[in-house]
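What follows is a short report on a single structure.
The values are calculated or read from the model by the stated rules, or taken from the named source; none is laboratory data. Since this is a predicted model, take the numbers as computed values, not measurements. Quick reminder, even Gly has a Cβ in these numbers, built from the backbone with ideal geometry, and neighbours come from all protein chains shown.
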Amino acid sequence: MDRIFGKKKAAAPAPTLSDAIAATDGRAAAIEKKINSLDAELLKYKKQMASMREGAGKNQVKQRAMRVLKQKKL
């Protein structure tokens, strides 16, 4: 039957504890980097909104800031 259907691939070894810890640390570092960049972007929008008058332009900046906040929440 192996000639018709082929053989199963060899199973990959289960990750060791140190591999799992390294992967988790890598994900945590990536998330921290993303949060820091989103914080910087939010600060930029906050400064920009402080110098603007009410109107369509400020509403656009406000929408961008809300989008960034939603990304940060995820």
Margin query: Quick check on the stretch 15-25. Is at least one of its residues within 22 Å of the chain's Cα centre (by Cα) and touching a residue at least 12 places away in the same chain (Cβ under 8 Å)?
Written below: no
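This table checks each residue for (1) modelled with pLDDT of 95 or more; (2) closer than 15 Å to Arg67 by Cβ; (3) of a type in the set (Ser, Thr, Tyr); (4) surrounded by 10 or more Cβ atoms within 10 Å (Cβ to Cβ).
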{"position": "Thr16", "(1), (2), (3), (4)": "no, no, yes, no"}
{"position": "Ala30", "(1), (2), (3), (4)": "yes, no, no, yes"}
{"position": "Lys33", "(1), (2), (3), (4)": "yes, no, no, yes"}
{"position": "Gln48", "(1), (2), (3), (4)": "no, yes, no, yes"}
Notebook entry, point to check: Quick check, is Leu43 surrounded by fewer than 10 Cβ atoms within 10 Å (Cβ to Cβ), free of Cβ contacts under 8 Å to residues at least 12 places away in the same chain and at negative phi?
Noted result: no
Item checked: Leading residue by the ranking (nearest to Leu74 (Cα to Cα)) among those in the stretch 1-29 that are in a helix (DSSP H, G or I) and polar (S, T, N, Q) -> Thr24
Note to self: acidic (Asp, Glu) and outside any helix (DSSP H, G or I): which single residue out of Glu41, Glu32, Glu54 fits that description?
What the structure shows: Glu54
